[in-house]
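First the structure, in the form of structure tokens, and then the observations on it.
The values are calculated or read from the model by the stated rules, or taken from the named source; none is laboratory data. Please read these numbers as outputs of a predicted model, since none were measured by experiment. With ligands, DNA and RNA removed, areas are computed over all heavy atoms of the protein, side chains included. Shrake-Rupley method; radii C 1.70, N 1.55, O 1.52, S 1.80 Å.
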Amino acid sequence: MSTAMNFSSKSFTPRPPDKGAFPLDHFGECSAFKERFMECLRRSGYESAACRQSAMAYLECRMDRQLMANEPLEKLGFKDLINEKSEEKPEQS
């Protein structure tokens, strides 16, 4: 029995992954945010939960500069921080 594959029957069109890979920040547009996050990690003994504000700011920077796909921050796990941020701002009438 032959298990030969016929590669000419279908063409494969590659597409980028939905998540997990994004362009590098070649121009260092978000390097200040990254450095703040890394410094926070070092200060906290690499406890990432203590640095969620810095992580959120870094991801916002990347999204603003099209270095990653725009996603709602709630979907990225920052819903509680967004709620805190909106509670801090007084309502303007």
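Residue check: is residue 15 modelled with pLDDT of 90 or more and on the phi < 0 side of the Ramachandran plot? The answer is no for residue 15. Any residue at all in the range 58-75 that is at pLDDT 70 or above and over 16 Å from the mean Cα position of the chain (by Cα)? No, that holds for no residue. Looking across the range 33-78, the residues that are among the aliphatic types (A, V, I, L, M) and open to solvent by 50 Å² or more (accessible area, probe 1.4 Å) come down to 38, 49, 50, 69, 76.
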